[in-house]
Structure formats: structure tokens, C-alpha cells
Amino acid sequence: MDPSVHFLSETMKKLLQINPVLRVSTSTGRIMQEIGELAIGNGWESYIAYSRGRDGIKPCRSEIVPVGGRWSTAWHGVETRLFDRHGLASAGATRQFIRQIENICPDIIHIHNIHGYFLNYKVLFDYLSAKGIPVVWTIHDCWLYTGHCYYYSYVQCRKWQTGCHHCPQRKEFPASWLFDRSRQNYIDKKNAFTSLPHDRLTLVAVSEWIRSEMQQSFFWDYDIRVIHNGINTEIFHVCPPQSVIAKYGLTGKHVILGVASIWSREKGLDDFIQMAGLLNKDEAIVLVGIKPEEKKKLPQNIIAISRTENMHQLAELYSYATAFVNPTWQDNYPTVNLEAIACGTPVVTYRTGGSIEAVTPSTGFIVEQGDVHGLLEAVRTIIRRGKSGYVAPCREYALKHFNKEDRYADYIRLYEELINRNMLAR
């Protein structure tokens, strides 16, 4: 048992987590697997349900529960694209999954995401509302309380507060080509998700920002906790950039680093392109996660990297960079900010959602959205002051706040609390 966590384990408890992807190259897949590993270390049985149609069969220390297959996933995509019915297909796959839940008899069900072309939320929540199993739902984005989109900050839409309609992001993920069903989707989600009694659904926001948003949604009177995401502070640490300086031609450059798994205008790609036209000769932008077709559109003074060879090389880039710049226009609690700070590099970000919540005067700067000159001026302030003055404060802050074991232990404590409360209520 993890010596830093002390929980009662008279009987082996069972945890079932749900997320469309299991692979650790995704943040939610990695978080889910690592929570499962900590649960196992504390005497639990751990099960993970995910979309077989998207991820196939993956190795995992937890016992895996593949849901659906390629056909059900593909048909779910058709219903989404044509009829804006995301989350309302895969009824057969969901009923099969429910039979698996019955066989497992979990003490806690922990949902991460159920949007992902693999589950029918009406069928699932009809079952959950009739059972006495406590449910924890970690809020990684906004999809569960809107009629369509998973973020709305970029278009500044607030319709979700009273009831969605005429969605301005119908063609954004999960895209619908023909119909706008946002009004009915909003009603369907509200009816399904709030069918769980308040004492059996605990929502976990990964940022203070999204908790404040949800308190204005139809979840306003539910129990909403905040547990920030954690990272591996042993992988992401201050390290000498032995391989990346020569590999990417960074000698003598003040490096402005950006990292994303998927780049878009909402992630700030256009802002970096604008910034490239303002750079001095000794400044360079390095973007990680750029696809080949995106690279063709970038100016020559942006160094584009599709992906690093491994996490250690990414940590080297974080460590070498003068500043990590995150000009995101909509985000919850981006782990890339945490990774940069853990590597001793200050973060410069727009005042966006939960992106600002890891930024203090000792770990970076916050700039108003769209102020590209302000981003660059903040980077140059770090250059003038000397990045070396930020390294120790950043690392100390990361060790205190971002350690994944500490954050995942918060979940185990929550599970124990809910199980005990459920037992007393019987």
C-alpha cells in the first residue's frame, strides 16, 4: 500500500472508470490508468471501460472492459455527423456494457468522458439512476452541460445557461453536417444526467474556472469538488538539454515554446504565426505537435516538431525554453502548463478559463486574450530578468501542487467518503 495514503481496506473495493480512450498518449487515458494503479496499490480491484472501436485492445494494469466495436463506433459517427445525435447511438453496445457492470458490481463508478462515439448516455443513465452505486464524474470539458459543443469560450456563447439553440459551433467537434439538434440535446442531457439523485452523483471539476461555470448550469445544485490534474514530476523535471539544442538548431536562441496534441486557432496557432513576424533574430518559436499539412502554412522562423521521440526529450525542450507560451482561447486546466513549470520554465498565457490557475507572479505572466504583443513583451521581461531566477520557484511550486500521486490520492479519499456515506444511508 502507498505509505503516503492511509485508507481502510477491510474488504476489497471495486472501482470502475469510464472513458472513450485508454492509451496513455492522451491525457484522460493516462489519468485514468494512473488512478487505477494507485487504487490497486491501495487494495482495490480496478476496472477500466473504454471504446474498443477506437483503441482496440491495450495493455493495462487494471482489468479492461472494452465497449462496442468498430461497427458501433462508425455508426455512432454517422448519427453524429448527419443528425447531431452524439451520445445517443450505440444503444446495443451500452446494454452489453451494463451487463458487464452487473457482473463487476463496482463500489464506485468514475466517469471521465462519455462523449467519444461509444456509449448511449440515455441508456446508461437510466441504469445508473435505478442503481445505488455512487458516481464520480470528472469534468474535463464542457460537453456534458451544453447542447453540442465541448468548449464555448472562443465564440463567447452563453446559451447553455438557460437552454441551447441555433448552435454557433454545430460544425465543430462533435461536428454535425446537416442538422442542429442543440435544443433537444440540451433537454436530453439535462433530463438524463440530473436523473441521478444528488447524494449519488459527485462532480469533480479539474479547475476552479469550470466549477464556477457549472454552478451556472443545470448542475448548479449538485456537489461540485475541485481536484486539479497532476503530472509525473519525476519525468518532468529540470534537466540539461543534451540532445535538443543541436537537433533543432537552437544554439544561442531565446526559445518561445508551444506544445499541443492538436493545434487550431482556438489553441493559438494563428497567434503564434502573428508573433513570428515580431521576433528578433535571437528569438525562436518552437511548436511541438504540428502536423505535416500545418507545417507548410508556417513561416520559416517557426521550428515545427511533429512530436518528440520520448517524454524525456519533451522535458529537455521545456527545460531549455526561455518561456512556455500558451495562447489558448479556450481551455480547462492544461497539463502542458504544469509540465513546463515542473521543468523550471515560466508560463505566459492568455486569461483563458483554467489556464491561468497554475500561473503566479513567480511562475509566469497572464496576458489578455488576443494581445500577441503582450505575450512577446512578457517573454522579453523574462529574458531581461534572467530565466535562472524562475527555475527554482517554478520547480518548488510544481512539487507542492502538481504531484500526480497527491492528486490521485484525493480521488481515493473521495471514493472512500462516498462509499461510507452510501453505507450509512442504507
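Of everything listed in (1) part of a loop (DSSP other than H, G, I, E, B); (2) buried (at least 22 other Cβ atoms within 10 Å of the Cβ), the single unmet condition for Gly252 is (2).
Based on this model, can you work out whether Leu418 counts as in the same structural domain as Trp209 (by TED's automatic domain parsing), buried (at least 18 other Cβ atoms within 10 Å of the Cβ) and closer than 22 Å to Trp209 by Cβ?
no
Looking across the range 56-91, the residues that are surrounded by fewer than 21 Cβ atoms within 10 Å (Cβ to Cβ) and among the acidic types (Asp, Glu) come down to Glu63, Glu79.
Which of the residues spanning the range 104-132 are of a type in the set (Lys, Arg) and either under 20 Å from Arg52 (Cα atoms) or part of a helix (DSSP H, G or I) (or both)? Selection gives Lys122 alone.
Selection over the range 149-167 of residues that are among the hydroxyl-bearing types (Ser, Thr, Tyr) and over 20 Å from the mean Cα position of the chain (by Cα) gives a count of 1. Scanning the range 191-235 for residues that are part of a helix (DSSP H, G or I) and over 15 Å from Trp137 (Cα atoms) yields Asn191, Glu208, Trp209, Ser212, Glu213. When you check Ile235 against the structure, is it closer than 30 Å to Leu203 by Cα, under 25 Å from the mean Cα position of the chain (by Cα), surrounded by fewer than 19 Cβ atoms within 10 Å (Cβ to Cβ) and not assigned by TED's automatic domain parsing to the domain that holds Asp371, yes or no? Here the answer is yes, as Ile235 does meet what is asked. Among the residues of the range 308-316, none qualifies, meaning not one is of a type outside the set (Lys, Arg), farther than 14 Å from Glu339 by Cβ and surrounded by 12 or more Cβ atoms within 10 Å (Cβ to Cβ). Taking each residue of the range 214-227 that is farther than 15 Å from Asn332 by Cα and assigned by TED's automatic domain parsing to the domain that holds Cys142 and looking for partners that are assigned to a strand (DSSP E or B) and of a type in the set (Ser, Thr, Tyr) with beta-carbon atoms closer than 7 Å, six or more apart or interchain, yields Asp223/Thr202. Tallying residues that are at positive phi and either of a type in the set (Lys, Arg) or touching a Leu at 6+ places or on another chain (Cβ under 6 Å) (or both) within the range 153-183 yields 0. Can you go through Thr26, Thr73, Thr80 and tell me which one is in the same structural domain as Val136 (by TED's automatic domain parsing), in contact with a Lys or Arg (Cβ under 8 Å, 6 or more places away or on another chain) and under 21 Å from Glu172 (Cα atoms)? After ruling out the rest, the residue left standing is Thr73. Identify the residue in the range 133-146 that is out of contact with any Asp or Glu (no Cβ under 9 Å at 6 or more places or on another chain) and in a helix (DSSP H, G or I) and, among all such residues, is surrounded by the fewest Cβ atoms within 10 Å (Cβ to Cβ). The qualifying residue surrounded by the fewest Cβ atoms within 10 Å (Cβ to Cβ) is Trp143.
Filtered by the rule that a residue be in a loop (DSSP other than H, G, I, E, B), closer than 23 Å to Arg30 by Cβ and not basic (Lys, Arg), the range 269-309 gives Gly289, Ile290, Ser306, Thr308, Glu309.
The values are calculated or read from the model by the stated rules, or taken from the named source; none is laboratory data. A quick note: this is a predicted structure, and the numbers were derived from the prediction, not measured. Note that we place each Cβ from the backbone using ideal geometry, even for glycine, and neighbour counts take in every protein chain shown.
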